[in-house]
Amino acid sequence: MGGAWIIGYKAWSALLAKYLAENGVLVVAADYRNFPQGDIEDMQEDVHRVLAWTYQNIATYGGDPNNISVLGQSAGSHISSLCVLRYISSIRNGSKAKWQPKYRLKNYISLSGPYDLPLQSIKFAEHGFHSVLFSLVMKGDLSAYSPSHWIRRNLLDANAKRECHVKREEEHEDDTSGGIPLIEKEILLPDERAEVEKELEVEKTWRENYLPYVEEDEYSSPFPSPPVVVRAATKEPHITVIHGMKDNCVSWHSAHEFVGLLDKAAISNSMHFDIDKTHTDYILEGLMEGSEHSILEPILRIVRNHPRDTHSEREDKAGEDTVWHHESVIVPKIFIRIARLINPF
């Protein structure tokens, strides 16, 4: 969970974990070292260790090691985003990757995450998180540890290097992708090309792990955006970005830009923007006032592997796998409204 990399604690997720568990989700709530006990590298190491432990042990608790979803909020979302992007990069680089994960991921859900740290540092300073302290947490290099910058530097550059092997075909009727249904797709150039013959391992990795295709999809976003979702193969986790548009701490514009970069990097993704949610609604106020249905619905849809269902499709499946906990008011709504007026987040 969040905590500005300094006061993070797994108990912040207790209420969200409670409702997820009541809806049949096996939850592992974990900590990572806070600054100054550790910097951003130590925090990422802790997340990788937690994921490896979960993959190796979750079956003992009745879980499925091949259906692990990661959920992070705020600072926890930032750290998890870096870990997941590194995971995807290692898959795409195959045996050439310097780092190999010891776990498998099915989904990643990012709540209220900061993705562009140089830009975000200005906002944090306004909230009392001094830029010098923030820089120390990030080892003096905000850009290096920004998920958006990381994609540009490590994944978009890699895609550019592969352009000599790739040709775009629109509305191609012949399926040469091994059975993947395509509306618009990218395929390798013929094998007779000398460059491709020298890159057989790259070709194999491309076809097996992340041959992308684009399909039309409807968003819940209240602002204009391309009606597409980039889908990748199942070895890469699907990323869902969820953000409140009343977030006074981390702008939703940064999240929207991050989704655009995921598209460009051919990373499977979807997004959900709530016009009335704040930075902490997803773990505190929204759950306290009895709005857990609207918060849990997109999360459960991902965990249950229906990330792209339309509204009508979700209604059809409601009787199959949707079990909602009754909405309960923990704190009277009048107090939540007052809290939101003075809440700096």
- Message: Restricting to the stretch 239-253, count the residues that are open to solvent by 10 Å² or more (accessible area, probe 1.4 Å) and either in contact with a strand residue (DSSP E or B) (Cβ under 9 Å, 6 or more places away or on another chain) or of a type in the set (Ser, Thr, Tyr) (or both).
- Response: 4
- Query: Of the numbered conditions (1) open to solvent by 70 Å² or more (accessible area, probe 1.4 Å); (2) aliphatic (A, V, I, L, M); (3) assigned to a loop (DSSP other than H, G, I, E, B), Val132 satisfies every one except a single condition; which is it?
  - Reply: (3)
- Query: Out of all the residues in the stretch 42-70, which are within 30 Å of Cys249 (Cβ to Cβ) and open to solvent by less than 50 Å² (accessible area, probe 1.4 Å)?
  - Reply: Asp42, Met43, Gln44, Asp46, Val47, His48, Val50, Leu51, Thr54, Ile68, Ser69, Val70
- Task: Would you confirm whether any residue within the stretch 316-329 is within 18 Å of Leu15 (Cβ to Cβ), loosely packed, with under 14 Cβ neighbours inside 10 Å and at pLDDT 60 or above?
- Result: yes
- Could you list, in sequence order, all residues of the stretch 283-305 that are charged (D, E, K, R), part of a helix (DSSP H, G or I) and open to solvent by 20 Å² or more (accessible area, probe 1.4 Å)? Glu297, Arg301
- Kindly indicate whether Gly260 is over 14 Å from Gly2 (Cβ atoms), open to solvent by 10 Å² or more (accessible area, probe 1.4 Å) and without any contact (Cβ under 8 Å) to a residue 24 or more places away in the chain. yes
- Task: State whether the residues of the stretch 103-121 include one that is open to solvent by less than 40 Å² (accessible area, probe 1.4 Å), without any contact (Cβ under 8 Å) to a residue 40 or more places away in the chain, in a loop (DSSP other than H, G, I, E, B) and not hydroxyl-bearing (Ser, Thr, Tyr).
- Result: no
- Query: Residues in the stretch 68-83: is at least one assigned to a loop (DSSP other than H, G, I, E, B) and either closer than 25 Å to Ala29 by Cβ or acidic (Asp, Glu) (or both)?
  - Reply: yes
- The number of residues in the stretch 92-136 that are more than 18 Å from Ser146 (Cα to Cα), touching a Pro at 6+ places or on another chain (Cβ under 9 Å) and basic (Lys, Arg) is 2
- Confirm whether Asn93 is in a helix (DSSP H, G or I) and modelled with pLDDT of 90 or more. no
- Residue that is farthest from Leu136 (Cα to Cα) [pool: residues in the stretch 1-41 that are acidic (Asp, Glu) and surrounded by 14 or more Cβ atoms within 10 Å (Cβ to Cβ)]: Glu22
- Task: Report, ordered by the first and then the second residue, all pairs with beta carbons closer than 8 Å, sequence separation of six or more or different chains, a first member in the stretch 1-18 that is part of a helix (DSSP H, G or I), and a second member that is acidic (Asp, Glu) and open to solvent by 30 Å² or more (accessible area, probe 1.4 Å).
- Result: Lys10/Asp31
- So, of the residues in the stretch 135-157 that are in a helix (DSSP H, G or I) and of a type in the set (Gly, Ala, Ser), which turns out to be most open to solvent (accessible area, probe 1.4 Å)? Ser135
- Given the structure, is His243 modelled with pLDDT of 90 or more and not polar (S, T, N, Q)? yes
- Mind telling me which of the residues Arg92, Arg86, Arg33 ends up being charged (D, E, K, R) and under 16 Å from the mean Cα position of the chain (by Cα)? Arg86
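The values are calculated or read from the model by the stated rules, or taken from the named source; none is laboratory data. Computed from a predicted structure; not experimentally measured. Methodologically, a virtual Cβ is constructed for each residue, glycine included, from the backbone with ideal geometry; neighbour enumeration extends over all protein chains shown. These accessible areas exclude ligands, DNA and RNA; they are computed on the full protein's heavy atoms, side chains included. Shrake-Rupley method; radii C 1.70, N 1.55, O 1.52, S 1.80 Å.
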